[in-house]
Amino acid sequence: MTTADMLTTHPSRDTFDLDELAAAIDAALRCAQTCATCADACLHGDDPASMVTCIDLDTQCAAICRTTAEILSRPGPNGDSWREIVKACIATCRECAAECSSHDHDHCQQCAEACTACADACEALLAVAS
(Lines give C-alpha, C1' and ligand atoms only; values in the text may rest on other atoms or scores of the structure.)
Protein backbone atom coordinates (compact mmCIF):
# COMPACT_ATOMS: atom_id res chain seq x y z
CA MET A 1 0.00 0.00 0.00
CA THR A 2 1.27 3.46 -0.87
CA THR A 3 0.67 6.72 0.93
CA ALA A 4 -1.77 7.71 -1.83
CA ASP A 5 -3.67 4.43 -1.43
CA MET A 6 -4.08 5.06 2.29
CA LEU A 7 -5.16 8.65 1.79
CA THR A 8 -7.95 7.58 -0.58
CA THR A 9 -9.55 5.69 2.31
CA HIS A 10 -9.94 8.84 4.42
CA PRO A 11 -13.49 10.23 4.61
CA SER A 12 -12.15 13.78 4.23
CA ARG A 13 -10.02 12.89 1.21
CA ASP A 14 -11.39 15.89 -0.70
CA THR A 15 -9.73 18.29 1.74
CA PHE A 16 -6.44 18.19 -0.21
CA ASP A 17 -5.15 17.37 -3.66
CA LEU A 18 -4.26 13.74 -2.86
CA ASP A 19 -1.38 13.47 -5.33
CA GLU A 20 0.34 16.57 -3.98
CA LEU A 21 -0.45 15.57 -0.39
CA ALA A 22 1.01 12.07 -0.86
CA ALA A 23 4.08 13.52 -2.58
CA ALA A 24 4.69 15.92 0.32
CA ILE A 25 4.27 13.19 2.94
CA ASP A 26 6.58 10.80 1.09
CA ALA A 27 9.20 13.52 0.52
CA ALA A 28 9.08 14.53 4.19
CA LEU A 29 9.55 10.95 5.34
CA ARG A 30 12.46 10.42 2.92
CA CYS A 31 14.02 13.67 4.06
CA ALA A 32 13.68 12.79 7.75
CA GLN A 33 15.41 9.46 7.19
CA THR A 34 18.12 10.97 5.01
CA CYS A 35 18.83 13.77 7.48
CA ALA A 36 19.04 11.31 10.38
CA THR A 37 21.55 9.21 8.46
CA CYS A 38 23.53 12.27 7.37
CA ALA A 39 23.76 13.54 10.96
CA ASP A 40 24.96 10.14 12.13
CA ALA A 41 27.51 9.90 9.31
CA CYS A 42 28.80 13.39 10.15
CA LEU A 43 29.03 12.47 13.82
CA HIS A 44 31.05 9.35 13.08
CA GLY A 45 33.21 10.85 10.33
CA ASP A 46 36.83 11.92 10.48
CA ASP A 47 36.19 15.39 11.93
CA PRO A 48 32.80 15.66 13.66
CA ALA A 49 33.75 18.97 15.28
CA SER A 50 33.84 20.61 11.87
CA MET A 51 30.37 19.23 11.10
CA VAL A 52 28.51 20.62 14.14
CA THR A 53 26.34 22.99 12.10
CA CYS A 54 25.51 20.26 9.61
CA ILE A 55 24.64 17.80 12.38
CA ASP A 56 22.48 20.39 14.12
CA LEU A 57 20.57 21.32 10.96
CA ASP A 58 20.18 17.65 9.97
CA THR A 59 18.67 16.93 13.38
CA GLN A 60 16.32 19.91 13.21
CA CYS A 61 15.31 19.06 9.65
CA ALA A 62 14.63 15.42 10.50
CA ALA A 63 12.39 16.50 13.38
CA ILE A 64 10.32 19.02 11.39
CA CYS A 65 10.00 16.61 8.47
CA ARG A 66 8.71 13.83 10.74
CA THR A 67 6.24 16.27 12.28
CA THR A 68 5.15 17.54 8.87
CA ALA A 69 4.58 14.01 7.56
CA GLU A 70 2.55 13.15 10.66
CA ILE A 71 0.38 16.27 10.46
CA LEU A 72 -0.19 15.88 6.72
CA SER A 73 -1.15 12.24 7.24
CA ARG A 74 -4.23 13.50 9.06
CA PRO A 75 -6.00 15.37 6.24
CA GLY A 76 -9.31 15.94 7.99
CA PRO A 77 -10.59 19.49 8.37
CA ASN A 78 -8.01 20.99 10.70
CA GLY A 79 -7.91 24.71 10.16
CA ASP A 80 -4.88 26.43 8.74
CA SER A 81 -2.22 25.59 11.34
CA TRP A 82 -0.87 22.84 9.05
CA ARG A 83 0.23 25.58 6.64
CA GLU A 84 2.59 27.08 9.23
CA ILE A 85 4.11 23.67 9.90
CA VAL A 86 4.64 23.12 6.18
CA LYS A 87 6.20 26.59 5.85
CA ALA A 88 8.56 25.80 8.73
CA CYS A 89 9.45 22.54 7.02
CA ILE A 90 10.24 24.37 3.78
CA ALA A 91 12.45 26.92 5.54
CA THR A 92 14.32 24.27 7.53
CA CYS A 93 14.80 22.04 4.49
CA ARG A 94 16.19 24.93 2.44
CA GLU A 95 18.61 25.86 5.24
CA CYS A 96 19.72 22.24 5.70
CA ALA A 97 20.13 21.78 1.93
CA ALA A 98 22.35 24.85 1.75
CA GLU A 99 24.54 23.61 4.59
CA CYS A 100 24.79 20.03 3.33
CA SER A 101 25.53 21.10 -0.22
CA SER A 102 28.60 22.96 1.07
CA HIS A 103 30.24 19.65 2.07
CA ASP A 104 31.81 17.13 -0.27
CA HIS A 105 30.61 14.00 1.56
CA ASP A 106 28.27 11.80 -0.48
CA HIS A 107 25.85 11.61 2.45
CA CYS A 108 25.71 15.40 2.63
CA GLN A 109 25.09 15.71 -1.10
CA GLN A 110 22.29 13.14 -0.93
CA CYS A 111 20.84 14.92 2.08
CA ALA A 112 20.86 18.24 0.23
CA GLU A 113 18.94 16.60 -2.62
CA ALA A 114 16.37 15.08 -0.23
CA CYS A 115 15.92 18.41 1.56
CA THR A 116 15.41 20.25 -1.72
CA ALA A 117 12.92 17.64 -2.91
CA CYS A 118 10.96 17.92 0.34
CA ALA A 119 10.86 21.71 0.21
CA ASP A 120 9.73 21.58 -3.42
CA ALA A 121 6.98 19.03 -2.65
CA CYS A 122 5.76 21.09 0.30
CA GLU A 123 5.70 24.24 -1.84
CA ALA A 124 3.73 22.38 -4.50
CA LEU A 125 1.20 21.30 -1.86
CA LEU A 126 0.78 24.86 -0.61
CA ALA A 127 0.30 26.08 -4.19
CA VAL A 128 -2.71 23.81 -4.77
CA ALA A 129 -4.21 23.89 -1.28
CA SER A 130 -7.52 25.62 -0.92
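The values are calculated or read from the model by the stated rules, or taken from the named source; none is laboratory data. Keep in mind it's a predicted model, so treat the numbers as computed, not measured. Every residue, glycine as well, gets a Cβ built from its backbone with ideal geometry; the counts of neighbours run over all protein chains shown. We work out accessible area using only protein heavy atoms, side chains counted, and drop any ligands, DNA or RNA first. Shrake-Rupley method; radii C 1.70, N 1.55, O 1.52, S 1.80 Å.
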Practice task
Could you list all residues from the stretch 87-119 that are under 9 Å from the mean Cα position of the chain (by Cα) and touching a residue at least 40 places away in the same chain (Cβ under 8 Å)?
Solution key: 89, 93, 114, 115, 117, 118
Exercise for the section: State yes or no: is residue 6 open to solvent by 80 Å² or more (accessible area, probe 1.4 Å) and assigned to a loop (DSSP other than H, G, I, E, B)? Expected result: no
Practice task
Return the residue satisfying two criteria in turn: it lies in the stretch 72-93 and is of a type in the set (A, V, I, L, M, F, W, C) and over 13 Å from residue 129 (Cα atoms), and of such residues it is modelled with the lowest pLDDT.
Solution key: 85
